[in-house]
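Q: One structure coming up, written as structure tokens, with questions to follow.
Every number in this text was worked out from the coordinates using simple rules, so none of it is lab data. Keep in mind it's a predicted model, so treat the numbers as computed, not measured. Positions of Cβ are backbone-derived with ideal geometry, glycine not excepted, and every protein chain shown enters the neighbour counts.
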Amino acid sequence: MTSISTMRSASPGGVARRRAVLIMLCLVQFMLNLDDNVVSVALPTLRDDLGFGTAGLAWVVNGYILAFGGFLLLFGRVADLLGRRRIFLSGVALFGVASVLCGLAREPWQLVAGRFIQGTGAAMASPAALALLTLLYPGARERAKAIGVWGATAAVGATSGLVISGALTEFASWRWIFLINVPVVVVVSVLLPHVVAESSSDRRTRIDLPGAVLITGAPVLLVYGLLRAAETGWGEIGSTVAMLAAALLAAAFVAVQKRTDEPLVPLSFLAFRPRAVANAAMLLFSAAFYAMAFLLMLHIQTVLGYEPFTAGLAYLPFGAGILAGMWLSSRAVNLLGARAALVTGLLISAAGLLLMTGIDGHDAYAPGVLPALLVTSLGCGMVMPALTVAALTGTTGDNAGIGSAVLTSVQQLGGAVGLAVLVTLATRRDDELGDSIHHQQAASQAFSYALTIAAALVILAAILIATMLRDRRSAP
């Protein structure tokens, strides 16, 4: 039930117009995924230039992913009601303004605020972009190709962001990792209205604003409480109140979703066990790997002494390992079944994280860092496609959008909470050891401690899949 005004992309010469739209949507998706990772390499420089502590530095990452994950469901619904092109362009413009604010930041709070606004812009643009892409390519085969190109562009943006960030941070200024977004925003904002028409849904529904506020507020308060605990200690009144308030907001969200006629997340959708199990596993998996990326980038620059550009290059094999794991994923599912393939991938990922715990200041790259990166990324690449398929099991044309949005939100919010938890534990461990051993030894042991817990989370996800997920080959 979607009404589309006569789309200029479908007129004579429509192939060229659709290609132009695809290029612009891919360019924006590249930018959004670039900024999801672009700060990773610059973290030590940001810490030194703006005066962040380790716990406060986590907000530079979490500000973006909390806003992105928290508002994704809301703006997916808003785009359907108010117009996909309008919301997409509004999100792109907001993202551009926020990028300028980040690039001009002089105080830690200014950068964190800019990252929250960036994440909000990304939450507006990303679901609207996918909806526009789906409408532009109605045929199943051409749609699959277009979405494949769009997804590949996102993956390239996520990987190349580390190298681009390292180069700009080392040879220019960290501020340019944000300011380079401005030309993309200007080009897309000017050209896109000329090649794609507005579209919106015929079906009028009420927007669940209370649900959106609650699902965003709960993880923000939880993350705030955890990161405050890293600085002030467990049991401090501010962190305790924040975490209790987060629990109350989460309970209120469930109550609101039960009572509203148009819930943001229909609870019946998550009652289907394969989807619930897959999303729970994604929560644990994301918690481990977002924290790993943050802690590893700090570790190889602070303890191993890599310069930003070298650190970005050092991380590139991780992308190659993910591609190899994705190539193996479908073959493993066909050979072993979905459940066994997922468990295998999760255990490989956990083994890689445990290998990383042995990286210290004396290790050379090839024998020390590289094997851990390759093993971890291979397992990660095997897990992600299969886990995505499991999380969308049983979805139809009516609820596939909800399934994708829920999965992405779980991934982002799980990553934010996991990052907060593991950074808190690593910071507290570093403080405990700092008085008795050398600073670099304390940092290495804190890093190992946090990644051991990350590996335990991934193993827990493997146990959950092994015991609770029904194998598709044995399903009727």
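Q: Write down, largest first, the equivalent ellipsoid semi-axes of the chain in whole Å, where each equals the square root of 5 times an eigenvalue of the alpha-carbon gyration tensor. Write out the running numbers ahead of the final one.
A: On the way: eigenvalues 231, 134, 111 Å².
Calculated on Cα positions only, the semi-axes equal 34, 26, 24 Å.
Q: On a 0 to 90° scale, report how tilted helix 308-336 is relative to the longest principal axis of the chain, with both axes built from alpha carbons and the result rounded to the nearest 10.
A: 60
Q: Highest first, please rank the peptides 286-293, 432-439 by the mean number of other Cβ atoms sitting within 10 Å of their residues.
A: Numbers: 286-293: 25.6, 432-439: 11.9.
Packing proxy ranking, top to bottom: 286-293, 432-439.
Q: Relative to the longest principal axis of the C-alpha atoms of the chain, give the angle of the C-alpha long axis of helix 370-391, reported between 0 and 90° and rounded to the nearest 10°.
A: Value to nearest ten degrees: 30.
Q: Here's a follow-up. Could you grab the relative contact order for the chain? Cα pairs under 8 Å, six or more apart, rounded to a whole percent.
A: Numbers: 806 pairs, mean separation 102.2, N = 476.
Here the relative contact order equals 21 percent.
Q: Determine the distance separating the Cα centre of the range 296-322 from the Cα centre of the range 186-262; give it in Å without decimals.
A: Each part reduced to its Cα centre gives a spacing of 32 Å.
Q: Compute the Kirkwood hydrodynamic radius of the range 288-353, taking the inverse of the mean of 1/r over all pairs of distinct Cα atoms, and give it in Å to one decimal. Kindly include the intermediate steps, with their values, before the conclusion.
A: Details: mean 1/r = 0.0739 Å⁻¹.
So the Kirkwood estimate lands at 13.5 Å.
Q: Using 0.36 nm per residue of separation minus the Cα-Cα distance, give me the extension gain between T467 and T232 in nm, one decimal. If you can, show how the numbers build up before the last one.
A: Numbers: separation 235, 0.36 × 235 = 84.60 nm, distance 3.90 nm.
Full extension of this stretch gives 80.7 nm more.
Q: Starting from the amide H of S199, placed 1.01 Å from N in the peptide plane, find each other amide H under 5 Å away whose residue is 5 or more places distant or on another chain.
A: R84, R85, R86
Q: Compute log10 of I(q)/I(0) for the range 208-261 with the Debye formula, placing one identical point scatterer on every Cα and leaving out solvent, at q = 0.25, 0.26 Å⁻¹, to two decimals.
A: For the range 208-261, the Cα-only Debye profile gives -0.82, -0.86.
Q: Using alpha carbons only, how many degrees (0 to 90, rounded to 10) separate the axis of helix 439-468 from the longest principal axis of the chain?
A: Roughly 50 degrees, rounded to the nearest 10.
Q: Still on this structure: Provide the packing ranking of 107-117, 357-367, i.e. peptides ordered by the mean count of other C-beta atoms within 10 Å per residue, highest first.
A: Working: 107-117: 19.0, 357-367: 14.1.
Answer by packing, highest mean first, reads 107-117, 357-367.
Q: Return the Rg/Rh ratio of the range 12-204 with Cα-based radii and a Kirkwood Rh.
A: Numbers: Rg = 17.0 Å, Rh = 17.0 Å.
With Rg and the Kirkwood Rh in hand, the quotient comes to 1.00.
Q: Using each residue's phi in the range 46-59, evaluate 6.51 cos²θ - 1.76 cosθ + 1.60 at θ = phi - 60° and report the 3J(HN,Hα) Karplus result to the nearest Hz, with x for Gly and Pro.
A: 4, 4, 6, 6, 9, x, 6, x, 4, 5, x, 5, 4, 5
Q: Also: Under the rule of -39500 (n - 2.57) per DSSP H run of 4 or more residues, summed and divided by the residues of the chain, what mean residue ellipticity at 222 nm is obtained, to the nearest 500 deg cm²/dmol? Please report the intermediate quantities before stating the final value.
A: Details: 17 runs with 377 residues, N = 476.
Rounded to the nearest 500, it is -27500 deg cm²/dmol.
Q: Same structure, new question: If packing is taken as the mean number of other Cβ atoms within 10 Å per residue, what is the order of 119-125, 231-237, 218-224, highest first?
A: Details: 119-125: 28.4, 231-237: 11.9, 218-224: 22.6.
Descending mean neighbour count gives 119-125, 218-224, 231-237.
Q: Mind giving me the FRET efficiency for R331 and A364? R0 is 45 Å, r the Cβ-Cβ distance, nearest 0.05 is fine. Intermediate results must be reported in sequence, preceding the final value.
A: Values: r = 33 Å, r/R0 = 0.74.
E(calc), rounded to 0.05, equals 0.85.
Q: Further question on the same structure: Please report the Cα spread of the range 266-470 along all three principal axes, rounded to whole Å, starting with the longest.
A: For the range 266-470, the Cα spread along each principal axis is 56, 32, 30 Å.
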